[in-house]
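The values are calculated or read from the model by the stated rules, or taken from the named source; none is laboratory data. The structure presented is a predicted model; accordingly, all values stated were derived computationally and were not measured. All Cβ positions, even for glycine, are placed from backbone atoms using ideal geometry, and neighbour counts span all protein chains on display.
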Amino acid sequence: MGARHEGLAPEREATVRALAARYAVQRTSLLPMLHDVQEHFGFIARQDVVTLADVLNLSIADVHGVVSFYTYFRTSPPLPHQISVCRGEACQAVGAEDLFAATRTAYRESADTEVSEVFCLGNCALGPSGTADGRLLGRLTVDRLTALIPPGRS
Amino acid sequence: MTLAPERDLGTPAVRSGPGDSGVTPVTVTVDGIPVSVPQGTSVMRAAALAGIDIPRACATDSLAAFGSCRLCLVEIDGARGTPASCTTPCADGLVVRTDTEQVQDLRRGVMELYLSDHPADCPGCLDGRCDIARLAREVGMAAADVDTVRAGLIGLTHGDASRDDSNPYFSFDPAACIVCSRCVRACAEVQGTFALTIQGRGFDSAVSSGGTDFLASECVSCGACVQACPTSALTEKTRLTFGPPTRSVDTTCAYCGVGCSFRAEVQGEGAATEVVRMLPLRAGGANEGHSCVKGRFAVGYAAHPDRQLQPLMRDHIDDPWQPVSWESAIERVASGFRALQQEHGPGAIGGISSSRCTNEEVYVVQKMVRAAFGNNNIDTCARVCHSPTGYGLGQTFGTSAGTQDFESVDHADVVLVIGANPTDAHPVFGSRLKRRNREGATLLVADPRRIDLVRSPHVEATLHLPVRPGTNVAFVNAMAHVIVTEGLADRAFLAERCEDVTAYLDFIARQEHSPEATEQITTIPAADLRAAARRFAAGPNSAIYYGLGVTEHSQGSTMVMGMANLAMITGMIGRPGVGVNPLRGQNNVQGSCDMGSFPHELPGYRHVSRPEVREIYDRLWGVTIPPEPGLRIPNMFDAALAGTFRGLYVQGEDIAQSDPNTRHVEAALRSMDLVVVHDLFLNETSRFAHVFLPGTSFLEKDGTFTNAERRINRVRPAMPSKVGKDEWQVVCEIATAMGYPMSYAGPAEIMAEVAATTPTFAGVSFERLDALGSMQWPVYDAESTGTPIMHVDGFVRGRGRLVLTEYVPTTERTSRRYPLLLTTGRILSQYNVGAQTRRTANTVWHPEDVLEIHPADAELRGIASGDTVELASRVGATHLRALISDRMPVGVVYTTFHHPVTGANVVTTENSDWATQCPEYKVTAVQVTVANAAGPR
C-alpha cells in the first residue's frame, strides 16, 4: 500500500521519462527503455524501476521482475573497468574455465575493475574470448588483460 | 462444520459470454469414465468432475491454467507425449489415462526435483498445511524414497533464504517455496494488484514482492497469495501461533456492503475460542473465494482488551462508570424510559438501529420502538449514508435497492463509476471491476479525485470526469442531455417501460443542461462529457456503480434519480451487465433498511401511513402503531435541544464521531436524561451515556446480513456471546421490562416473523438459507430462490418513472475566507470511524488521518507534506497532517474520518439531502493553514 508515493530524485526521474518518451506506451517497450536507461546512467536504479512502472502503468514488481531476469541489467553503478570472459562451450573447450579463474584471481584486489562471465560473444573461432572495457578480444590471455587494464590499484 | 478444504477442480470453469446459448458440450473418457463438459474445459477439470484428482502443484481453479509444475501429465490416445492436463482442452471423444506406468514414472521424477529443493524438516509438511509431502505420497513415493531424495541429490537452492515477516498478518518463508507462481498469479488475476513477481531466472528464481519486503511493497495484504500457496511458504501468522484449527464455521464478513462469505477456522470451544484463520469461501456468491485485508485479517478487534464485557451505569455523564449486572442495567433502561414517557409524553424517547447488526437484531429494535416505546422514533445509521438511495430508487423503479448482482459486472461493456472508490472501500468488488477492465470493458470515472480506478497498474479508465463536489446533478443531467439531443436514447424502452417520458425529454433537452453550459459548474470539459455520454449510450451493456459521493449531498436523492433516468433513457435496466448499483457502505445497511428501521417505513419499505400494512403488525403485536412517521436522527438532536426528546437507545453507531457537526450532536446528547449505548467498545457517544450495554461481535452473532446485491447471507456464531447475552435478547428484555413482553426462541424465529409479515421476504427462512447458501430478495414464496437481477420484464412499481432532476446548487459555497472544498472518504485498511480496524494491526498502514491537498494549493499556503495544518470551516476547526497529492484537483481537499482525534466531522455542516436529511458530508467550504511545520525545509 502506498509504495508508489516515495520521493524520487527529480532530475533523474525527468531524464528517465524523457528517454522513455521515445517509445510507444505499451508493455513491449519496457526492454528498450531499460536498455536506454542503463546506457545513459550505467545502471538501473530503484527509482528508475518506479518511474518506468508509472510510465507504462505496470506494477513496480512487474518491472523489477524483468530487470532481475536479465543478468545484463545492473542495479548498482559499474566500476570504471569492465572485463568479461566467455564461458560458452566453444571457449570452454579451449581453456576458458582456467582463464576465467585466473582473471578473477588477478583482479581480486582491484577496486576499480569488475570481472564477469558472459555466454558466447559470437567469436568462437578465436576463443577463448572476452571483452575489456567493451572491446572484443580473441585468443585471450590474462597477460593481455593485465596489459590493457593493470590490476591491483586498490 | 468441516475442516476439509472446498473442492478444487484444478482449472476454472469455462465462462460463457452474455447471450451465449451455453457452451457446446463435449464428451471425454477419463480412465474409462465418460464425462460431459463444456467445450474448452481442461482435461484436469473434466477428470476432477469424473471424480479423479490428478496430482498438481501449480493449478487451482481460481487461476487460469499455467502448466509449469509438470505433475499433472496424462496420456491421451492419439496424442504425442504426455501433455499437461491443466492446459489441454477437452475435445469430443478424447480418451485420457491419468495413471499409467509412464506418467507415474514421470511424476515421480518431477517430484524428486521438488523434494530436492524443499527443506527436509518443512514444518508445513509435518502439520499438513504444506502440500509437498502429500503430493509425494500421491505420486507414489514411499517415505524412504523421500528421505533418500532429501538426503541431498542437488541440495537446497532456496534453503538459506531469509523469512519476510514484515506483513503483520502473514509471513513468507522462501525456503519452503516451490516457485509455482500461484501467489504471483493470484495477486494479478484475482486481486489485480500485481505486487508479486518471479525474480531472477533458472535456479535463482524466487518469488519477490518487487524488490522490497512485503510491507514496503505495493501489496494490499488481501491474502489471496496466502490462500493460493500450496506450500507453507506463505502462512497466516495466527496459524503459526495457534497451530491447526479444530473446527470451522461458515459465516459472513461484518465490514463493507460486499458481504463476503468466510469460513472461520477456529480452535477451542466456548469463551476460549481463538480464530486461527478466516478463509473466503469459493461458494460465497458475493466474493467467490476472494477477500480483502479487513475481512480476512482484521478480526482481532473481537478479542481486543478494550472490549467492554459488562454492563455499566452512572447517574451523571461526569461520574465514573460502575459495572453492574444485566438485570440492574435493563431495569434502569426500562424504568428510565418509561419515566421519561410519563413526564414528557410517549414521543420523548426513541432508538437508533445499526447497519452493523443482523437483520434479526435490527428487526427487534424497530419492534421494541414501535411496540414497546409506542412511537415511530426509530432511525438507522443509513440515514447518514444511503437513505437517498432508498428514496431515489424507490421513487423511480419502485424498489429501494440496487438492481443487479455483483456477477453482473462481468457482462458489462461500459462501467460508469460515480462517487465511489471501490478499490479502497469495496475491495473485493473493486478487484472484480479491475478484472473486467483488463478484459476490455470501458471505465468512466466521475470523481473529484484521481482514484486508483482512473489509473493504477494494469487499470486505466477511458475517461476521468473530475466533477466538482456538489455538482453531481448538473453532471448527470448533461450526460442525459447529450444522449437525448444526439438521438442516442432508447425510445422503444422508454415507450414500453417508462412514464412521464415527454415531460422529462423536454426538460433535459433544455440548453442549460448541455455539457457546454454545465462545464462552468462541474469543471468537466464539455468534449469529455460528450464522449462519456456517447460511450455510455453505445453499451451494448452499460452499468452505473455509485457510492456515498452520490448520496451525501444536499441533492443526494435527486442524483440517485438522475442516475435512474440515465439508465432508463438508454434502456440499461433489466438484464446482466447493466443497472444502477449502490455500493453499500456497511455490511448490513441494505438489511437494516429492509427491516423497517426508518421512522416512516415498516419492514419491506411500506409506509407507516398505510393502514393495511399497520394492521398486519397491529394484529400480530397487539398494539396500535401511530400512522405518522417518527423522528429522524437529526430531528432527534433538534428535539433534544428543544427539550422534548429526552431518552435515546443507540445500537452500534458512534453518532458523536460519525454524524455531521459534532458540536451540535454533543450538545444534543448532553441535554438528554437517559442515553443508552449498546456497543462493543466505549466510544465517543458513550461519553454522554448513562447506561452502557455490551454488544457482540459478528463472530458471536447468529442471524443474517443483506449485502449490496440484496443477498441474504447467514451469519453463524463461531463462539458464544462474550458478554453473556445476544443483542436481540437484550432488546427483548428491555421491551419486556417496559411491560411489553417480547421473546423469541432464537434468530430463526425472528426471521420467520419477518417472512410472515413482509412479502419480499416471504420465502426466506434459515432452513432455506442454510440449504441454498444465500438468496437475493425479493423472495416472494417458498418456490423462489431469489432475484439476482431486478426489473427484468417490468419495474416493481409498474412503469419506471422519469423524475425531473433540476440542479440546485448547495448553499455551502466557497468564499474568500473558506476558499477550498473538503470532501471525505475511506481508505482500504480502515473502516468508517475505525472502532474495529483501529484495534487491529491494520494501523501499520494508516496510523492517522491525513489531509490530501493539491500541490498548487499547498504551495500557495506554504504547506509541506507532514506539516500539521488547521482545517477550518464555518462550523468548526480541527488539526491534522497534510499530504501533498496530485490526485487532488486544485481547490479540493480530502480526508478520512477513521480516527476520533481527527474530528473530521467537527468541520462538516448541517446541510443535508432535501428528501432524506442525509448529511452533506461531501461538501464543506474550508480553509487550510499551517499550524505546525514538520521541520526545516
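Points to keep in mind about this one:
- Inside the range B:463-512, residues that are within 17 Å of residue B:535 (Cα to Cα) and in a strand (DSSP E or B) make up a count of 3.
- Restricting B:290, B:316 to residues that are assigned by TED's automatic domain parsing to the domain that holds residue B:336, assigned to a loop (DSSP other than H, G, I, E, B) and of a type outside the set (Phe, Trp, Tyr) narrows the list to B:316.
- Long-range neighbours under 9 Å by Cβ, at least six apart or interchain, first residue at positive phi and at pLDDT 90 or above within the range B:792-813, second of a type outside the set (Ser, Thr, Tyr) and part of a loop (DSSP other than H, G, I, E, B): B:798/B:398
- Members of the range B:338-370 that are of a type outside the set (A, V, I, L, M, F, W, C), touching a Lys or Arg at 6+ places or on another chain (Cβ under 6 Å) and surrounded by fewer than 24 Cβ atoms within 10 Å (Cβ to Cβ): B:344
- Any hit, the range B:493-504, residues being away from chain A (no Cβ under 14 Å), of a type in the set (A, V, I, L, M) and touching a helix residue (DSSP H, G or I) at 6+ places or on another chain (Cβ under 6 Å): yes
- Output for the range B:42-70, where each listed residue is over 25 Å from residue B:177 (Cβ atoms) and within 32 Å of the chain's Cα centre (by Cα): B:45
- Long-range neighbours under 6 Å by Cβ, at least six apart or interchain, first residue closer than 15 Å to residue B:389 by Cβ within the range B:593-610, second of a type in the set (Phe, Trp, Tyr): none
- From the options A:76, A:59, A:68, residue that is closer than 22 Å to residue A:115 by Cβ, buried (at least 19 other Cβ atoms within 10 Å of the Cβ) and within 14 Å of another protein chain (Cβ to nearest Cβ): A:68
- Residues being surrounded by fewer than 18 Cβ atoms within 10 Å (Cβ to Cβ), of a type in the set (S, T, N, Q) and either over 21 Å from residue B:199 (Cα atoms) or in contact (Cβ under 8 Å) with a residue 12 or more places away in the chain (or both) - total across the range A:19-56: 3
- Filter result (more than 14 Å from chain A (Cβ to nearest Cβ), assigned to a helix (DSSP H, G or I) and free of Cβ contacts under 8 Å to residues at least 40 places away in the same chain) within the range B:827-860: B:856, B:858, B:859, B:860
- Take the conditions (1) surrounded by fewer than 23 Cβ atoms within 10 Å (Cβ to Cβ); (2) closer than 22 Å to residue B:915 by Cβ; residue B:567 misses just one of them, which is (1).
- Of the strands (runs of 3 or more DSSP E) lying entirely inside the range B:165-223, those containing at least 1 residues that are within 11 Å of chain A (Cβ to nearest Cβ) and at negative phi span B:197-199, B:206-208.
- Test: residue B:335 is assigned by TED's automatic domain parsing to the domain that holds residue B:720 and surrounded by fewer than 15 Cβ atoms within 10 Å (Cβ to Cβ): yes
- Between B:296, B:277, the distinction of being under 28 Å from the mean Cα position of the chain (by Cα) and part of a strand (DSSP E or B) belongs to B:277 only.
- Count - residues of the range B:901-913 that are under 16 Å from residue B:633 (Cβ atoms) and either out of contact with any Cys (no Cβ under 9 Å at 6 or more places or on another chain) or without any contact (Cβ under 8 Å) to a residue 40 or more places away in the chain (or both): 6
- Cross-chain or 6+ apart pairs with Cβ under 6 Å, the range B:449-464 first and within 13 Å of chain A (Cβ to nearest Cβ) and more than 13 Å from residue B:422 (Cα to Cα), then surrounded by 21 or more Cβ atoms within 10 Å (Cβ to Cβ) and aromatic (Phe, Trp, Tyr): B:457/B:194; B:458/B:194
- Within the range B:785-812, considering residues that are polar (S, T, N, Q) and either over 26 Å from the mean Cα position of the chain (by Cα) or not in a loop (DSSP other than H, G, I, E, B) (or both), the one surrounded by the most Cβ atoms within 10 Å (Cβ to Cβ): B:805
- The one condition in (1) farther than 27 Å from residue B:778 by Cα; (2) charged (D, E, K, R); (3) part of a helix (DSSP H, G or I) that residue B:432 fails to fulfil: (1)
- Only residues that are of a type outside the set (S, T, N, Q) and within 19 Å of residue B:632 (Cβ to Cβ) were counted across the range B:885-921, and they come to 8.
- Subset tally (residues that are surrounded by fewer than 24 Cβ atoms within 10 Å (Cβ to Cβ) and among the acidic types (Asp, Glu)) for the range B:643-674: 3
- Spans of helices (runs of 4 or more DSSP H) in the range B:559-668 with at least 3 residues charged (D, E, K, R): B:611-621
- Restricted to the range A:1-92, the set of helices (runs of 4 or more DSSP H) holding at least 2 residues that are under 23 Å from residue B:220 (Cα atoms) comprises A:46-56, A:60-69.
- Scanning the range A:95-142 for residues that are aromatic (Phe, Trp, Tyr) and part of a loop (DSSP other than H, G, I, E, B) turns up A:107, A:119.
- Hits in the range B:861-898 - residues which are among the aliphatic types (A, V, I, L, M) and free of Cβ contacts under 8 Å to residues at least 40 places away in the same chain: B:877, B:880, B:883, B:884, B:890
- Under the condition of being over 16 Å from residue B:242 (Cβ atoms) and either among the hydroxyl-bearing types (Ser, Thr, Tyr) or free of Cβ contacts under 8 Å to residues at least 24 places away in the same chain (or both), the residues counted in the range B:253-287 number 2.
- Any hit, the range A:10-18, residues being within 12 Å of chain B (Cβ to nearest Cβ), loosely packed, with under 15 Cβ neighbours inside 10 Å and closer than 30 Å to residue A:111 by Cβ: no
- Against the test of being within 25 Å of residue B:285 (Cα to Cα), buried (at least 24 other Cβ atoms within 10 Å of the Cβ) and outside the structural domain of residue B:718 (by TED's automatic domain parsing), the options B:209, B:221 yield a single qualifying residue, B:221.
- Within the range B:357-380, residues that are at positive phi sit with their Cβ atoms under 6 Å from residues that are modelled with pLDDT of 95 or more and in a helix (DSSP H, G or I), at 6+ positions apart or across chains, in these pairs: B:374/B:346.
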